[in-house]
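The values are calculated or read from the model by the stated rules, or taken from the named source; none is laboratory data. Not measured: the values here are computed from a predicted model. As a convention, Cβ positions derive from the backbone with ideal geometry for all residues, glycine included, and neighbour counts pool all protein chains shown. With ligands, DNA and RNA removed, areas are computed over all heavy atoms of the protein, side chains included. Shrake-Rupley method; radii C 1.70, N 1.55, O 1.52, S 1.80 Å.
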Amino acid sequence: MPAVPLALTLLSLFLACKDKADDTAGPSPDGGATAGDDTGTAPGCEGTAGAPLPEGLTELAWDDGVAAASLPGQGWAVGEYSLEEERLHEWVRFEPQDTVRVHGISVQLVDLPEDPLALVELGLYADFGYNGFDAWGDAPLWTGTRCAGELAEEEWVTFTLDEPVEVQAGSLVYAGHLRQGEGVPAIPFDAGSQGDGTCATWDDCHSAMNLPDLTYLVSGGYAYSFWKGYSFSLQYDYLVRLHVEVVEAIPADDKRFQRDEAAPAGSRQAWGDFDGDGWEDLYVPGALYHNQEGTLVDVTSASGLAGVPSSGGVWGDHDNDGCLDLFVFAESTADGDSLFRGRCDGSFEDVTVMAGLDDSLDGSDACGATHRSTAAAAWLDLDGDGWLDLYTSNFICWSAYTYYVDQAWHNDGDGTFTALGGHQGFTASAYAGRGAAPVDADRDGDVDLLVNNYVLQRNLYYDNQGDGTVDEDGTSVGLAGEASREGTASYYGHTIGAAWGDLDNDGDWDSVQANLAHPRYFDFSDKTQILLQDDGEWTDNAGDWEDPWPDNGLRYQETHSVPTLGDFDSDGALDLAISAVYDGRPTDLYWGDGDGTFTPGWHEAGITTENGWGMSAADWDNDGDLDLATSGGLFENTGPQGHWLQVRPLGVTSNRAAIGATVTVEDDTGVTRMRQVQGGTGQGEQDGAILHFGLGEADSVARITVAFVGGEERTWEGPFAADQRLWLWEDGSQASGWAPPAR
């Protein structure tokens, strides 16, 4: 159940909203509280937070400084839970724009205890899920007390931390306290609200209540469970402020990624060089952009792709004529998927009917669907015959909760496709498919397939048997997700996106599965997984999700969406960017440590996309580093780089686009790194086919090996100088330069 509407209904019975002035809507450097004006310890007081604050701190504030109402005496309740009698967290979210140390908290209080030596407690809490109203209430970062006799009602009082707490830029932190019944004061809130007073957008609400003991609620005929209790936003601000010391402030112009304001945005992105000039072109839903030496020009109208129903697309050369084709999928029960044959000049011909790619339905299901709702697709050569096959990951009709069976298509080599099914080992069961991510996961020469599913369903892993059939064994190898059981039911995760990469440079394929995991279902819903492979089995290495600020694991974000792997600083280790859906949710960036662990880097990244969806990587400006496309636009990588090498393999007897080819590069220090040419990645994105290898301090490469699917495995002996692009053909030919030579 959405938390906000219930909260607003509750509060609107007692307060009239008024708009808050814009200049009080965000953190301000100066506020009503004066550091140190109420500090000191009264005789006999056992409080721990009465020391003076240091000079020169910055104050962060949301409220307008005028107390308008508070909880005591209002008779408020959620279901049968009285907010006056039950345990209740009252807290405020703060969003430091720089890395800071919190030294103190100022607050106004009402209903103070009559006993002057009674202790009043305040706390600082880590964020829980980045939803804006949940914190780790049972694991405070700090708590401190002052005696009631030192405080005055409805006047600012300051609690000083014994040791300051550091908060990284891009993180949330909460301040407030836990109250229960008589004798515990309440924090008043103001009467001003932002927006329309409904908490409809992220920045409209900063304060929240949490009932930690409310774990089950029946409302509107539905039953809801809540892990760590029930939380909801307030449209009014508690009178709580932070006093912080700025530790590190990175100017926006100094951050690694800079938004290209002239570049396009799209919910999903697929990079492919459709005219073969060495510049990666871009397809986003409904639009095609030609890369003209670093400038993306909209050529949709001239391409023949205008008006095509589209949720995304993936590039592949299905007829092996050397020109990239585009498969366009539609996440719609009313519109079909389409195949467009490329002519190498930027124009495309619709060959869907001729190819036999028919995803139509008869409209007889509960949704009245005339087409499968396709959320993603991927090209892969399943049988190694040199012709690209196709897999579509089909999703859901939300109005009827109807799922649609995925479809694998065999390329018959004559421009037509034949549907595959149970005889080849593909399941006939309907899942809520969100993505398809092929790779030769076990390095046995054929392409396997990971299919990521939503609504707490297990993910599927099709192990290619090399004879035209597959075995689905995701559960046994550790790629299905981690099952939690309730009765006879098994719950996994909401896996929106998935990606493959060798995260620890040990020569095998690891996997990242990005899971949306609601805080109320935290105990049984899969969180994002970092799955490291060891001899054909995968084990999660994402870290302890109950550690709110891990040093080398992932922080818990409720709505992780799509992971993208790439060596963005060219140090030799794959880094990880993860988008997050829902209003206000930021894009995370983690620096790879080279051993399967990650160090937080979002504070220095500069990726400003919030409510992000798809994401993909390519060196679209040909400057030797990986840039990032997000649903919020394109971000140019402007940060420092180590040495690098870019490799574009091309098939001759195998599929011409070399999709599925595995490339390994051994540098002059003996370290080997691995990449693949993608036919698509989980959630319908596609990274560039020009593969980027960060080399760190190594300035040359000793050898390069390319395993072409269904074709040759070739090794090119070096040394090859770093900081260049190589073109490698399956017949052993090679060339260097930003663009390939004519052949």
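Run through the stretch 150-222 and list the chymotrypsin sites (Phe, Trp or Tyr not before Pro) located in a DSSP loop whose Cβ has at most 15 other Cβ atoms within 10 Å.
Sites meeting the loop and neighbour criteria: none at all.
If each of SER733 and THR427 carries a label point 7 Å out from its Cα toward its Cβ, how far apart are those two points in nm?
With each label point 7 Å from Cα toward Cβ, the separation is 4.4 nm.
Give, rounded to the nearest 20 debye, the magnitude of the charge dipole that the chain has about its Cα centre when Lys and Arg contribute +1 at Cβ and Asp and Glu contribute -1 at Cβ. Before the final figure, lay out the partial values.
Values: 32 positive and 130 negative charges, 303 e Å.
My answer is approximately 1460 debye.
Run lengths n ≥ 4 of DSSP H only: what is the helix-derived mean residue ellipticity at 222 nm for the chain, with -39500 (n - 2.57) per run over all residues, to the nearest 500?
-500 deg cm²/dmol
If R0 is 60 Å, what FRET efficiency do you get for ASP595 and ALA400 from their C-beta distance, rounded to 0.05?
0.85
Any idea what log10 I(q)/I(0) is at q = 0.17, 0.20, 0.23 Å⁻¹ for the stretch 589-700, Debye with uniform C-alpha scatterers and no solvent?
-1.01, -1.34, -1.53
How large is the direction-averaged shadow of the alpha-carbon convex hull of the stretch 396-482, in nm²? Kindly include the intermediate steps, with their values, before the conclusion.
Numbers: hull surface 26.4 nm².
So the Cα hull casts an average projection of 6.6 nm².
Ignoring any ligand, DNA or RNA, what whole percent of the accessible area of the stretch 626-743 comes from carbon and sulfur when the probe is 1.4 angstrom?
Taking all protein chains in place, the stretch 626-743 shows 45 percent carbon and sulfur surface.
Return the inverse of the average 1/r over all pairs of distinct C-alpha atoms in the stretch 169-309, which is the Kirkwood hydrodynamic radius, in Å to one decimal.
About 21.1 Å for the stretch 169-309.
For a test of the definition: using alpha carbon positions, the gyration tensor, and the 1.5 limit on a/c, classify the stretch 218-300 as rounded, prolate or oblate.
Note, shape of the stretch 218-300 comes out oblate.
Please report the net charge: other residues with Cβ closer than 10 Å to the Cβ of PRO548, K and R +1, D and E -1.
Summing Lys/Arg as +1 and Asp/Glu as -1 gives -3.
Which values of log₁₀ I(q)/I(0), to two decimal places, follow from the Debye formula for the stretch 432-546 at q = 0.10, 0.13, 0.16, 0.17 Å⁻¹ with a uniform point scatterer at every Cα?
The calculated log intensity ratios at q = 0.10, 0.13, 0.16, 0.17 Å⁻¹ are -0.28, -0.47, -0.70, -0.78.
Per q in 0.15, 0.17, 0.24, 0.26 Å⁻¹, report the Debye log10 I(q)/I(0) for the stretch 119-184, using one uniform scatterer on each alpha carbon and no solvent.
-0.56, -0.70, -1.14, -1.23
Mind checking Rg over Rh on the stretch 658-743, alpha carbons, Kirkwood formula for Rh?
Working: Rg = 13.2 Å, Rh = 13.7 Å.
In the stretch 658-743, Rg relative to Rh is 0.96.
For the stretch 442-494, state the average projected area of the convex hull of the C-alpha atoms over all orientations, rounded to one decimal in nm².
4.0 nm²
Please identify the GluC sites (Glu not before Pro) of the stretch 257-331 that satisfy two criteria: DSSP loop assignment and at most 13 other Cβ atoms within 10 Å. Which are they?
Details: sites: GLU261, GLU280, GLU293, GLU331; in loops: GLU261, GLU280, GLU293, GLU331.
Passing both the DSSP loop test and the Cβ count: GLU261, GLU293.
Tell me which residues come under 5 Å, amide H to amide H, from LEU234 once H is placed; ignore anything under 5 positions away on its chain.
Counting only residues 5 or more places away or on other chains, the set is HIS206, SER207, ALA208, MET209.
Please list the three semi-axes, largest first and in whole Å, of the ellipsoid equivalent to the stretch 137-221, using sqrt of 5 times the eigenvalues of its alpha carbon gyration tensor.
After diagonalising the Cα gyration tensor, the semi-axes are 26, 20, 17 Å.
Can you give me the long-range amide H partners of SER561? Hydrogens built in the peptide plane at 1.01 Å from N, cutoff under 5 Å, separation of 5 or more residues or another chain.
Correct list: SER579, ALA580, VAL581.
From a point 7 Å beyond the Cα of THR418 in the direction of its Cβ, which residues of the stretch 365-395 have a backbone N at a distance under 16 Å?
382-390
What is the stretch 495-639 by shape, rounded, prolate or oblate, if you read a ≥ b ≥ c off the alpha carbon gyration tensor as root eigenvalues and call it rounded for a/c under 1.5, prolate for a/b larger than b/c, and oblate otherwise? Provide the component values of the computation, followed by the final result.
On the way: a/c = 1.72, a/b = 1.12, b/c = 1.54.
Note, shape of the stretch 495-639 comes out oblate.
Work through the residues other than GLU86 whose Cβ is under 11 Å from its Cβ and net out their charges, Lys, Arg +1 and Asp, Glu -1.
Taking every Cβ under 11 Å from that of GLU86, the sum is -2.
Karplus couplings for the stretch 271-282 from phi (6.51 cos²θ - 1.76 cosθ + 1.60, θ = phi - 60°), rounded to Hz, Gly and Pro as x?
9, x, 8, 6, 10, x, 9, x, 10, 6, 8, 9
So with the 1.4 Å probe, I'd like the accessible area per residue for the stretch 335-386, rounded to whole Å².
Dividing the accessible area of the stretch 335-386 by its residue count gives 39 Å².
Once amide H atoms are built 1.01 Å from N in the peptide plane, which residues 5 or more positions from ASP325, or in another chain, come under 5 Å H to H?
Long-range HN contacts for ASP325: GLY316, ASP317, HIS318, GLY342.
Rg and Dmax of the chain, Cα atoms, in Å?
28.0, 92
Once label points are set 7 Å from the Cα along Cα→Cβ at both ALA265 and GLU182, what is their separation, rounded to one decimal in nm?
A separation of 5.5 nm, rounded to one decimal place.
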